[in-house]
Every structure is written in structure tokens, then in C-alpha cells.
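A short worksheet on the structure shown next.
The values are calculated or read from the model by the stated rules, or taken from the named source; none is laboratory data. Values in this document were obtained by computation on a predicted structure and should not be read as measured data. Note that we place each Cβ from the backbone using ideal geometry, even for glycine, and neighbour counts take in every protein chain shown. Areas reflect the complete protein model, heavy atoms only, side chains present, ligands, DNA and RNA absent. Shrake-Rupley method; radii C 1.70, N 1.55, O 1.52, S 1.80 Å.
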Amino acid sequence: MFTFKGETSTSYEVREKTVKHTVLPPVSTKTLELPFHDGVLDFGRVYGSRTIEVTIGIKGISYGDLRSKVRRVAKWLDSETLQPLIFSDEPNIQYMARVSDDTSLDQLLYYGETTLKFFVPNPFGEDVHETTLNISSGQVVNYDGTRACYPIFTVKTTNALSDFQISNGVEKVKVVTELPVGSILVIDMKAGKVTLNGTVIQQAITLDSDFFPLKVGSNTLTFSNGATVQMKYKRLWL
């Protein structure tokens, strides 16, 4: 059984037959070969998009019944935007996906079976539910995902501040602006965006700021006095 767009395959009388789902996404090594130099320059590697193939079957008591069921399946699978895809063997991990253009539902109608090809642009699985932590400055956060993720920090000032900084000891985000008591500052590390009381204030971010991730393992987070900080994130999985 699998779930797409929050609806289970069984609710559409779809039988899951096989799933072709690689453990790791495709990896591409980035190198540069220079003339008259031995070897190559290594620029690391990147993970490519993932395709998950699910072979399904469906039955009908008549051709008309089967056509009606396939139309329901087509409506369920139709989406212009990415939607959560979850498999029953990993119910806490979702992939943001949509059905590829080369998926044919005609085969489901004529043969009672077809292979759905789910395109996953970001190849990493993510937690279905967010983790929320109230953190203190200097706290060590142990992140046990298998791929770094970018958190969202919600900062509420308890003192009037002229600037606020949060850091992982190597990188930081610093915002220089007047922050009266009770101000709500949201630092979205994934989007690279900072808002103050709901208004984007990118111009207040210092030039030496970097929107940093939570790295696999221990992360020591420090921030300015005079504020409380809540952190939200979803773990990412290879």
C-alpha cells in the first residue's frame, strides 16, 4: 500500500504489485580536467533526481466499471504540483513527487495493470512530521537524519535589541534592525529569508551572513541574549 496526496491506494481499489525504489539516489561526481595537469580537480558530488516506479493492478466487474475506476485513479494521480508520496514500509518518510508524463493509464484500462512513474526532483525523503524544539544559546542539537536539513528559527525578543545573531560556530545569520520587546523574527534557512512581524527584511541581513543547515551529528547553536528561540525542521533521509 502507498499514499499519494494524503489518500491511500486501497481506497481506489488499487493493488500494489511491485515497487522499484532505489535505496540511494543517482550520484554525479563533479570534476574538472586541466590541460597539462595530471588527474582532475575534485568539486565533490551532487545527487540527482529520483524516479520511483510502482506497478499497480485494478479489477472491474465490467468494462464500464473498470473505466469508471480508472477515471477515479486518474483524478487522484493528477497534480501540477509536488505531492507527498508515502510507502507503508516507511510510514514516517515522505517523498515530494508527481506522476511523470510517460505514465500510461490506458494500460490499466486495457490490461488491468500499469507502472506508475513518480518523479522526485529532490531525491531525499523527509519526515512526515516536523520536529519542534525550544532551544537555549549554547545548546547542542543532535541531528540523526542522514542528510543535512535547513531549519526554521522563530525568535521572540524578551528585551529591546538593535540586532540579532544566530550561529553554528562556523556560519551565522545576523540581522541588524530595531527589535522592540515582543518582536517576532523568523529566520528560514531553507528559503534564505528573514521576516520581522510578517514582513520580509532581507536588507537587514549582513553581507557576511550564511543560511546554514543542521549537519548530521552534533550542532552547537548560539544566539544573542534577550530572546527566546524555537527551531523547526524535518529530517532528511538518503
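Taking each residue of segment 89-110 that is within 17 Å of F2 (Cα to Cα) and looking for partners that are of a type in the set (S, T, N, Q) with beta-carbon atoms closer than 6 Å, six or more apart or interchain, yields R98/S79. Could you please let me know if S88 is among the hydroxyl-bearing types (S, T, Y), closer than 29 Å to V128 by Cβ and either open to solvent by 40 Å² or more (accessible area, probe 1.4 Å) or in contact with an Asp or Glu (Cβ under 9 Å, 6 or more places away or on another chain) (or both)? Yes: the conditions hold for S88. Pairing residues of segment 196-213 that are free of Cβ contacts under 8 Å to residues at least 24 places away in the same chain with residues that are among the hydroxyl-bearing types (S, T, Y), at Cβ distances under 9 Å and at least 6 apart in sequence or on separate chains, gives L196/T177; L196/S183; N197/S183; Q203/T177. For segment 1-45, filtering for residues that are among the β-branched types (V, I, T), touching a residue at least 40 places away in the same chain (Cβ under 8 Å) and within 30 Å of L109 (Cβ to Cβ) leaves 3. All of L196, L207 fail the test of being open to solvent by 20 Å² or more (accessible area, probe 1.4 Å) and in contact with a helix residue (DSSP H, G or I) (Cβ under 9 Å, 6 or more places away or on another chain), apart from L196.
Among all positions in segment 57-75, there is no residue which is farther than 18 Å from E16 by Cα, of a type in the set (S, T, N, Q), open to solvent by 80 Å² or more (accessible area, probe 1.4 Å) and not in a helix (DSSP H, G or I).
Provide a single number: the residues in segment 11-41 that are aliphatic (A, V, I, L, M) and part of a loop (DSSP other than H, G, I, E, B).
Our first condition is that a residue be aliphatic (A, V, I, L, M); within segment 11-41, this holds for 14, 19, 23-24, 27, 32, 34, 40-41.
From what's left, part of a loop (DSSP other than H, G, I, E, B): 14, 23-24, 34, 40.
So the answer is 5.
For the residues S183, S136, S100, the requirement of being of a type in the set (S, T, Y) and touching a Leu at 6+ places or on another chain (Cβ under 8 Å) singles out S183. If you go through segment 176-228 and keep only what is part of a loop (DSSP other than H, G, I, E, B), of a type in the set (F, W, Y) and out of contact with any Gly (no Cβ under 7 Å at 6 or more places or on another chain), you end up with just F212. The condition (being in a loop (DSSP other than H, G, I, E, B), out of contact with any helix residue (DSSP H, G or I) (no Cβ under 8 Å at 6 or more places or on another chain) and under 30 Å from K234 (Cα atoms)) is satisfied by just one residue among S104, S79: S79. Residues that are of a type in the set (G, A, S), in a strand (DSSP E or B) and closer than 27 Å to G198 by Cβ within segment 119-175 comprise S162, S167, listed in sequence order.
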